[in-house]
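Enquirer: The structure under discussion is supplied below as structure tokens; questions concerning it will follow.
The values are calculated or read from the model by the stated rules, or taken from the named source; none is laboratory data. Note that the structure is predicted; figures quoted are calculated from it, not measured. Ideal geometry is used to build each Cβ from the backbone, glycine not excepted, and the neighbour counts take in all protein chains shown. For the accessible areas, the whole protein counts, side chains as well, though only heavy atoms, and no ligand, DNA or RNA atoms are used. Shrake-Rupley method; radii C 1.70, N 1.55, O 1.52, S 1.80 Å.
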Amino acid sequence: MRLSRRVTELVESATLAVSAKAARMKAEGVDVVSFGAGEPDFDTPAHIRQAAIEALNAGQTRYPSPASGLAVARKAVCDSLARDAKLHYSPEQVIITSGGKDAAYMAFHALLDPGDEVIIPKPYWVSYPEMVRLAGGVPVFAVGPEKNDYKLTPEILRSALTPRTRMFILNTPSNPSGVTYHPEEVRALAQILQERDLIVLSDEIYDRLLYDGQKTMSYAAAGERAYAQTLTCNSASKTYAMTGWRLGYAAGPVEIVKAMAKLQSQSTSGAATFSQIAYATALSADQSCVATMRAEFERRGAHMWRRLTAISGVRCPKPTGAFYCFPNVSAAYAKLGVRGSIEFAARLLEEARVAVVPGEAFGMDEHVRLSFATGMQQIDKGLDRIATFLR
Ligand SMILES: Cc1ncc(COP(=O)(O)O)c(C=O)c1O
């Protein structure tokens, strides 16, 4: 079978082997503790489900019109951005997409020509480099110092810029590290980027999950120039425990949003109609469900981080957002005789029955990612096993 070169060259996720094995072991009845999940373990709140049921019963089952997003959903996005991020967008600056992933995917296709460079800070969300390559772009990786929790300093960002730089991706709070840029750090990056003719893709999918009093700022709020050069992406998935509903959005310059709408009209035709109506409810109704889930994640995250950093040789940035810990476990590699995070995760799964995601998938092979979107008991059970495994 001859497949396209594009797909043949696509790198398959290194995480798949471990997660497939964990699923196999679970199916065979093995008691595996899984820290692999990239999704909240809560149900979608009842009032959001109810809004979808009512929309379905009211006949909202036809093609979404327009394909770029229902007026009610786009207005709800604008209102929520004004309320939560102090960002003012009009509905024609917003496109509703089938998840945040789709928003990023279309943004790269709308903006990149072959050879255009995209600066991607490490550690990165697994999909960015492959999406950039699929769109013909060239990923350029940059990493900050460990003492800065890997956040980019202005100097490091400046040294990654070239005449071919077309985009910069900022994902704060970060998947996989849980690290968050402070408003001053966002402003310092904007100071440099505003001199350049490029677009910033600001992936703010975890922006409502902040801990420890952490403050952050939307990149687009860093100033007029930042606003004009930014595509702000977000999603229903993590904030409202709606991963299966496939809803996200991008907001930014009208030309980019229109280009993405053109792509969407020739691909998915837009996000499901009744899903969009439920998303409008999620964004505009009382937000206490978000506060409840956030508080629970904060409790679990602090506990997981305390337990991880109590293990000798393990170093880990404190998660101030999202729901992941990203410890450096490489001190144990020599003793275990493993060459990197994939082998480490495989051994941890086989011998300790704990599933984690190898850091190699996020561009940092000394680390593994643990999700704390799982109950406290599982966290303790898994951490007991990891501590014994590393002893
Ligand atoms: C940083 C980041 N961006 C985007 C996404 C995409 O999420 P979704 O397509 O479910 O909205 C994810 C999901 O894990 C993520 O972690």
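Enquirer: If one computes the Cα centroid of the range 255-277 and of the range 134-187, what distance in Å separates the two points?
Expert: Spelled out, the Cα-based centre of one part sits 28 Å from the other.
Enquirer: Turning to a different aspect of this structure: Once you have the Cα-Cα distance between residue 184 and residue 30, take 0.36 nm times their residue separation minus that, and quote the gain in nm to one decimal.
Expert: Working: separation 154, 0.36 × 154 = 55.44 nm, distance 4.76 nm.
50.7 nm is the gain from fully extending residue 184 to residue 30.
Enquirer: Using only Cα atoms, locate the centre of the range 289-361 and the centre of the range 193-234, then give the distance between them in Å, rounded to an integer.
Expert: 27 Å
Enquirer: With a cap of 11 neighbouring Cβ atoms within 10 Å, and only residues DSSP puts in a loop, list the trypsin sites (Lys or Arg not before Pro) found in the range 298-366.
Expert: Answer by residue number: 339.
Enquirer: Related question: Given the rule -39500 (n - 2.57) for each run of at least 4 DSSP H residues, summed and divided by the residues of the chain, what is its mean residue ellipticity at 222 nm, to the nearest 500 deg cm²/dmol? All intermediate terms of the calculation are to be shown ahead of the outcome.
Expert: Numbers: 16 runs with 163 residues, N = 391.
Using -39500 (n - 2.57) per qualifying helix, the result is -12500 deg cm²/dmol.
Enquirer: Taking the dipole about the Cα centre of the chain, with the C-beta of Lys and Arg at +1 and of Asp and Glu at -1, give me whichever of 357, 253, 18 is farthest to the positive side.
Expert: Toward the positive end, the furthest listed residue is 18.
Enquirer: Now for a different question. Of 122/335; 101/318; 151/318; 151/238; 122/151, which pairs sit farther than 19 Å apart, going by alpha carbon to alpha carbon?
Expert: Working: 122/335 26 Å; 101/318 26 Å; 151/318 13 Å; 151/238 22 Å; 122/151 8 Å.
The answer is 122/335; 101/318; 151/238.
Enquirer: Let me know the longest stretch in the chain that avoids all GluC sites (Glu not before Pro) found in a DSSP loop with at most 13 other C-beta atoms within 10 Å.
Expert: 196-391
Enquirer: Once the principal axes of the Cα atoms of the chain are found, what is the range along each, listed largest first in whole angstroms?
Expert: Over the chain, Cα extents along the principal axes are 57, 54, 53 Å.
Enquirer: Shape of the range 87-239 from its Cα gyration tensor (a ≥ b ≥ c, root eigenvalues): rounded if a/c is under 1.5, otherwise prolate when a/b > b/c, or oblate? Can you show the working numbers first?
Expert: Working: a/c = 1.26, a/b = 1.05, b/c = 1.20.
In terms of gyration-tensor shape, rounded.
Enquirer: Moving on to the next point. Taking 0.36 nm per intervening residue step and subtracting the Cα-Cα distance, what contour gain separates residue 288 from residue 148 on full extension? Please list the in-between numbers first.
Expert: Working: separation 140, 0.36 × 140 = 50.40 nm, distance 3.26 nm.
Taking residue 288 through residue 148 to full extension adds about 47.1 nm, to one decimal.
Enquirer: Separate question: Can you work out the FRET efficiency for the pair residue 10 and residue 346, with r the C-beta to C-beta distance and R0 = 25 Å, to the nearest 0.05? Spell out each step's value before the answer.
Expert: Numbers: r = 23 Å, r/R0 = 0.91.
That gives a FRET efficiency of 0.65.
Enquirer: May I pose another question? Would you kindly derive the ³J(HN,Hα) couplings of the range 136-149 from the backbone phi angles with the Karplus curve 6.51 cos²θ - 1.76 cosθ + 1.60 (θ = phi - 60°), listing them in order in whole Hz, with x for Gly and Pro?
Expert: The phi angles translate into x, x, 10, x, 10, 8, 9, 9, x, x, 4, 5, 9, 6 Hz.
Enquirer: On to the next question. Accessible area per residue of the chain at 1.4 Å probe, in Å²? If you can, show how the numbers build up before the last one.
Expert: Values: 16890 Å² over 391 residues.
Dividing the accessible area of the chain by its residue count gives 43 Å².
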